Amino acid sequence: MYYISTIKSTLRVPPSRFSENLSDILLELARDSLEERIYDKIGFIVAVLEAGTVDEGHLIPGDAGAFYECDFKILSYIPERGEVIEGEVIELIDFGAFIRVSTIDALCHVSQMANDFFSYNSGQEILIGKQDSSLTVRRDDVVRGRIVVVGMQRNAIRVGVTMRQNGLGKMEWIQKWKEEQLAKA
């Protein structure tokens, strides 16, 4: 899920930039130091949107820079169990597919692709269903899945997805399932 929230951070402004607009400098420094980083309760910071209230600067003896505490509005992403996602297959390996979901890559293990056993054909770079050979997964396919596992560490977010449920999988599979449901009705 995406969240917009406000965080407080203290940033050092070097003396060479004292003549510039303080809000602009702090916004630039916040983007450099906060974006594309993972924090425990915030998740992956996608973007620092704006700088808010700036407190009075502080000096530390022996350091020529000034330190400012400021509020920043941020956009962050935290994957949540049960969340339905859509993404593009970016890599295939013998045990599954990596799917680009927003700012992270999720793994869909071959056992979680569909009610079939998939094998990897490295020559064609494709995962093929054993029982139903029309079930294939290739690079650049758009798929829909449900997040079943989330592991967040300081330097990585690991996400596992399933596509075995009705209404999940490759867009062609979903369309076929919808057509079957309409035919039954």
Would you pull out the residues with amide H under 5 Å of residue 50's amide H, same chain only if 5 or more places away, H placed 1.01 Å from N? 73
The ³J(HN,Hα) series, computed from each phi in the stretch 153-166 with the Karplus coefficients 6.51, -1.76 and 1.60 at θ = phi - 60°, rounded to the nearest Hz and given as x for glycine or proline, is 10, 4, 10, 7, 10, 10, 10, x, 10, 10, 10, 7, 7, 4
Would you please give the residues with an amide H less than 5 Å from that of residue 141, counting only those at least 5 places away or on a separate chain, with H modeled from the backbone geometry? 89
If one builds a Gaussian network model of the chain from Cα atoms under 10 Å apart, the most fluctuating residue listed among 160, 52, 43 is 52
Provide 94, 105 in ascending order of the number of other Cβ atoms located within 10 Å of each residue's Cβ, fewest first. 94, 105
Explain nothing, just compute: Karplus ³J(HN,Hα) = 6.51 cos²θ - 1.76 cosθ + 1.60, θ = phi - 60°, for every residue of the stretch 103-117 in order, whole Hz, x for Gly and Pro. 9, 10, 10, 10, 9, 10, 5, 3, 6, 10, 7, 6, 7, 7, 9
So how do 73, 8 line up by other beta-carbon neighbours within 10 Å, fewest first? 8, 73
To check you understand DSSP bridge types, tell me what percent of the beta bridges within the chain (both residues inside) are antiparallel, rounded to 5. 95 percent
Suppose R0 equals 30 Å. What FRET efficiency, 1/(1 + (r/R0)^6) with r the Cβ-Cβ distance, do residue 40 and residue 182 give to the nearest 0.05? 0.10
Label selected from (1) 19.3; (2) 16.4; (3) 17.0, the criterion being Kirkwood radius over Cα pairs in Å as computed here: (1)
Taking neighbour Cβ counts within 10 Å as the exposure measure, how do 3, 120, 39 sort from fewest upward? 3, 39, 120
For the stretch 2-8, just list the computed ³J(HN,Hα) in residue order, Karplus coefficients 6.51, -1.76 and 1.60, θ = phi - 60°, integers in Hz, with x standing in for Gly and Pro. 8, 9, 10, 9, 10, 10, 10
Length gained, residue 109-residue 6, 0.36 nm per residue minus C-alpha separation, equals 33.5 nm
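Every number here is computed from the coordinates shown, using simple stated rules; none is lab data. Values in this document were obtained by computation on a predicted structure and should not be read as measured data. As a convention, Cβ positions derive from the backbone with ideal geometry for all residues, glycine included, and neighbour counts pool all protein chains shown.
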